[in-house]
Amino acid sequence: MSEFRVAGFRRRFPALRSCHRNEAPYAPAIYLDNAATTHRPDAVIEATRDFYTYTNANVHRGLYRLADEASERFEAARTTIAQFFGMPSDSELIFTSGTTDSLNIVANGFAQTVLDHRSEIWISPFEHHANLVTWQQVARKSRATLRKLPTDPWGLVDPTALEKELSSSISPLKIVCLKHVCNVLGTIQDIQNLCRVISKNGAVSVIDGAQAPAHVELDLSSLGADFYATGAHKMYGPMGIGALIARRDRLEQISPFRYGGNMISSVTFESTEFAEVPARFEAGTPNAAGAVAWAAAIDFLREYRRADLHAHEHRLAEEATTGLESLLGVKVLGCGLKAPIVSFVVAGVHPHDIAGWLDQKGVAVRAGAHCCHPMMAALGQVGTTRASFAPYNTLSEVSALVQGVSEALRKFRL
Amino acid sequence: MTSFDLYQDLILDYARSTRGRGQVEHPTGRGQGRVASCGDQALVTVRVEGGIVTEAKVDCNGCAVSLASAAMLIETVEGKSVDQARHAVGSAIAVFRGEREVASEAVIEPLAGIHRLPSRLKCASLSWHAMLAALDDSESPGN
């Protein structure tokens, strides 16, 4: 276990060591868009290179040693990742291309086959488009009813209020869709109690876990979610790989809807018998290098005490919140226990201009609707500016953020 | 990617300008634009009389770049024939995209480098696309 020191942690990320390639004055950017994607440490980049250099073969196909090695590394990665998420069995983790893909698999492979006009899909306007749009489409095709989850003004769902709603519904099949950690506000749902209520009322829970793994200790075996969708690239892993995690009996309720190699046990000209879970959902050549690199990200994280990483990033978020709120007209959104995501609005200044100005000062933040248009409507905002932190960020970077916003206020109040 | 001063004073002066903001009364054409990534919208209304754009306005909730660009749009098209306006708008969009050089003393000159910031290209061109739709609408059979 390595002792966490920001400088040492930071040095392990090549993007933070290198210069911005074409842009004078060649200073490394202050990267505060970690909720969009984090940087990757050397270990992850090296794992990708190593896989393609030393074990490059297609997995679960070849009858030669190199192919066996590739398959072994791929399956070892599945074990590492499943264990990280607290799953007792590797067969309860399907590799996907990311959180969005995972949600689409539940929607199209499970929900689409079981929902009908008597069914209900419960979701709130605070969900990411990856969740909301997906379920809108399923509702339309299956003729299920899209129902609005009761939330507080920041999108948090109270388990007692949810219990009241679900228990009064006479629908024979209810699916409840929630994001664990809000990508805009950083708010964290009481997901364990919500899943308990959902399960108690005979409903199915589908959790968007895109933001959670970097900031919340997860034990999915006790969380109680029926389906948990997540991805690698917001937790220092590579882009283009994620997972759908669920108990085996739940996964077996999903009908395969992508067909191809690797997902079959036997094929005749007339019909096909599908392979066991998880292979039946992994048609075609998987992102094996991505899986190996994701496992490397987990090994990297395991070198540190998660509590140390979380304590540092929370301090950054608190400093940012305090600094920003000290500026006249700046309001930080959200409340309660939060992941280190700080979304704010500035009276009279468009979020794009805050982000554009900060970019000119070398500070990278996200601005806009964050793939959450109905959420913006619910908040009464055209968009927000969002700074999101990782343990490699520093207090001086927070100061640069606050200083930049302070300058933007003087520049843009039109 | 070379640097481009997005917030030079001339751009901010245009953004602060209220010229051409709002909606034309009794327009002959309307056009709408929306940037999907941020939700910003622009509604362009025009009045065309005798083949001339006599009045044009933009109702926009966008950032400084889109507000400045909208003010430049109005300065560009008012008083021109519909064909001239359409040509000028098409040329400006091509300049924003970096597909052609900006003409000397063109009103859009301060935004000519916007193609170096691809993420802001849509902010600059939002109202111009809406203007093309408004001009088409003005010439549609119902008008």
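Hey, rough spin-label estimate for A:GLN253 and A:ARG61, points 7 angstrom out along Cα→Cβ, what's it come to in nanometres?
Those two pseudo-labels are separated by 3.4 nm.
Going Cα to Cα from A:LYS411, which aspartates and glutamates come in below 13 Å? Please leave out same-chain ones fewer than 8 positions away.
A:ASP353, B:ASP9, B:ASP13
Among A:ILE241, A:ILE254, A:SER222, which residue has its Cα positioned farthest towards the positive end of the charge dipole of the range A:220-373, with +1 placed on the Cβ of Lys and Arg, -1 on the Cβ of Asp and Glu, and the dipole taken about the Cα centre?
A:SER222
With charges set only on the Cβ (+1 for Lys and Arg, -1 for Asp and Glu), what does the dipole of the range A:299-377 come to about its Cα centre, in debye to the nearest 20?
Values: 8 positive and 9 negative charges, 28 e Å.
Dipole size: approximately 140 debye.
Need one number: nm distance between label points at B:GLU99 and A:THR322, each 7 Å from Cα along Cα→Cβ, rounded to one decimal.
A separation of 5.3 nm, rounded to one decimal place.
Which ordering of A:THR96, B:THR28, A:THR79 is given by a fewest-first count of other beta-carbon atoms within 10 Å?
Going from sparsest to densest Cβ surroundings: A:THR79, B:THR28, A:THR96.
Quick one: Debye curve from the C-alpha atoms of the protein assembly as shown, no solvent, what's log10 I(q)/I(0) at q = 0.08 Å⁻¹?
Debye intensities relative to I(0), on a log10 scale: -0.63.
Restricting to DSSP H runs of at least four residues, report the calculated mean residue ellipticity at 222 nm for chain B, -39500 (n - 2.57) per run over all residues, nearest 500 deg cm²/dmol.
Roughly -13000 deg cm²/dmol at 222 nm, from the helical runs in chain B.
Hey, quick one: spin label on B:ASP5, modelled 7 Å out along Cα-Cβ, who in the range A:356-388 has an amide N within reach, i.e. under 18 Å?
Residues A:356-362 qualify, since their backbone N sits under 18 Å from the label point.
What residues have an amide H closer than 5 Å to that of A:ASN287, excluding those fewer than 5 places away on the same chain, when H is modeled at 1.01 Å from N in the peptide plane?
It is none; the list stays empty.
For A:348-359, what's the mean count of beta carbons from other chains sitting within 10 Å of each residue's beta carbon? Please list the in-between numbers first.
Working: counts 0, 2, 11, 3, 13, 11, 1, 4, 9, 3, 0, 4.
Per residue, the number of nearby Cβ atoms from other chains is 5 on average.
Do any chymotrypsin sites (Phe, Trp or Tyr not before Pro) in the range A:38-97 lie in a DSSP loop with no more than 14 other beta carbon atoms within 10 Å, and if so, which?
Details: sites: A:PHE51, A:TYR52, A:TYR54, A:TYR64, A:PHE74, A:PHE84, A:PHE85, A:PHE95; in loops: A:TYR64, A:PHE85.
In loop regions of the range A:38-97 (DSSP not H, G, I, E or B), the sparsely surrounded chymotrypsin sites (Phe, Trp or Tyr not before Pro) are A:TYR64.
Evaluate the charge dipole of chain A about its Cα centre and quote only its size in Debye, nearest 20, assuming +1 on the Cβ of each Lys and Arg and -1 on the Cβ of each Asp and Glu.
For chain A, the charge dipole is close to 820 debye.
Would you calculate a helix-derived [θ] at 222 nm for chain A, using -39,500 (n - 2.57) for each DSSP H run of n ≥ 4 and dividing by the full residue count, to the nearest 500?
Helices in chain A give a 222 nm mean residue ellipticity of -12000 deg cm²/dmol.
Which aspartates and glutamates does A:LYS148 reach when only Cα atoms under 15 Å apart count, and residues fewer than 8 places away in its own chain are ignored?
Candidates past the 8-residue exclusion: A:GLU120, A:GLU127, A:ASP158, A:GLU163, A:GLU165.
Among B:CYS123, B:GLY90, B:SER138, which residue has its Cα positioned farthest towards the positive end of the charge dipole of chain B, with +1 placed on the Cβ of Lys and Arg, -1 on the Cβ of Asp and Glu, and the dipole taken about the Cα centre?
Working it through, the farthest residue towards the positive pole turns out to be B:CYS123.
Rounding to the nearest 20 debye, state how big the charge dipole of the range B:1-64 is about its Cα centre with +1 on each Lys and Arg Cβ and -1 on each Asp and Glu Cβ.
With Lys and Arg at +1 and Asp and Glu at -1, about 180 debye.
Rank these for me by crowding, A:LEU178, A:LEU146, going from fewest to most other beta carbons within 10 Å. If you can, show how the numbers build up before the last one.
Numbers: A:LEU178 26, A:LEU146 15.
Sorted ascending by nearby Cβ count, the order is A:LEU146, A:LEU178.
Would you compute the Debye intensity of chain B from its alpha-carbon atoms alone, equal scatterers and no solvent, and pass along log10 I(q)/I(0) at q = 0.14, 0.15, 0.18 Å⁻¹ to two decimals?
Once normalised to I(0) and log-transformed, intensities are -0.58, -0.66, -0.96.
How far is the Cα center of the range A:355-398 from the Cα center of the range A:63-93, in Å?
That distance is 36 Å.
Could you put B:MET131, A:MET87 in order, starting from the residue whose Cβ has the fewest other Cβ atoms within 10 Å?
Ascending number of Cβ neighbours within 10 Å: A:MET87, B:MET131.
Show the residues, 5+ positions off or on another chain, whose built amide H is closer than 5 Å to the amide H of A:THR38.
It is A:LYS234, A:MET235, A:TYR236, by chain and number.
May I ask for the distance between the Cα centers of the range A:138-173 and the range B:128-143, given as a whole number of Å?
That distance is 43 Å.
In nm, to one decimal, how far is the modelled label at A:PHE269 from the one at B:GLU75, with both set 7 Å along Cα→Cβ?
7.4
Just order A:1-12, A:378-389 by mean Cβ neighbour count inside 10 Å, highest at the front, would you?
Ranked from most to least packed, the peptides come out as A:378-389, A:1-12.
Each value in this text was obtained by applying a stated rule to the coordinates, not by laboratory testing. As the structure is a prediction and not an experimental result, all values here were calculated from the model. Please note: Cβ atoms are built from the backbone with ideal geometry, for glycine as well, and neighbour counts cover all protein chains shown.
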